[in-house]
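Scroll down for the structure; my scribbles are underneath it.
Quick note: the coordinates plus some simple rules give every number you see, no bench work behind them. The structure presented is a predicted model; accordingly, all values stated were derived computationally and were not measured. Cβ sites come from the backbone with ideal geometry, for glycine too, and all protein chains shown count toward neighbours.
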Amino acid sequence: MKKLTWIEKLAYAAPAFALAVVGIPVYVYIPKFYTDVIGVHVSAMGVILLVVRLFDAVTDPAIGLISDRLRTPFGRRRPLIILGAMLTGLAIILLFNPPDTDADTATAWFMVLIFFW
């Protein structure tokens, strides 16, 4: 078995940097922002984040299966990557700019958008 060079390891790891740029602010700053500033109850935040991770555990393999079988003129994964990037970008913008409403509406806002993220 050939040992990977440092450059090859970096090339395999590079896509994780793009995910970290989006993921770290969402997991570090968004919960505190929504609970302390917006007024979402801490227990609701915990339940929502748990449900989203469980949802991801089911949908990630399903999307992988779909992308393995998808055939388009642009390739198997490119249309899904483009769609996912656009939805993620929009969700991030909306997550960091919630409407000025009551805590229940803000909780629903967070819950819907975190699923798109």
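Key figures
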| quantity | calculated |
| --- | --- |
| From 57, 85, residue being out of contact with any Ser or Thr (no Cβ under 6 Å at 6 or more places or on another chain), surrounded by 12 or more Cβ atoms within 10 Å (Cβ to Cβ) and either of a type in the set (Val, Ile, Thr) or part of a helix (DSSP H, G or I) (or both) | 85 |
| Residue within the range 97-116 that is closer than 20 Å to residue 15 by Cα and either in a helix (DSSP H, G or I) or charged (D, E, K, R) (or both) present | yes |
| Search result, residues across the range 22-42 that are within 23 Å of residue 100 (Cβ to Cβ) and either within 16 Å of the chain's Cα centre (by Cα) or of a type in the set (Ser, Thr, Tyr) (or both) | 25, 26, 29, 30, 31, 34, 35 |
| Tally, over the range 8-54, of residues that are surrounded by 13 or more Cβ atoms within 10 Å (Cβ to Cβ) and outside any helix (DSSP H, G or I) | 3 |
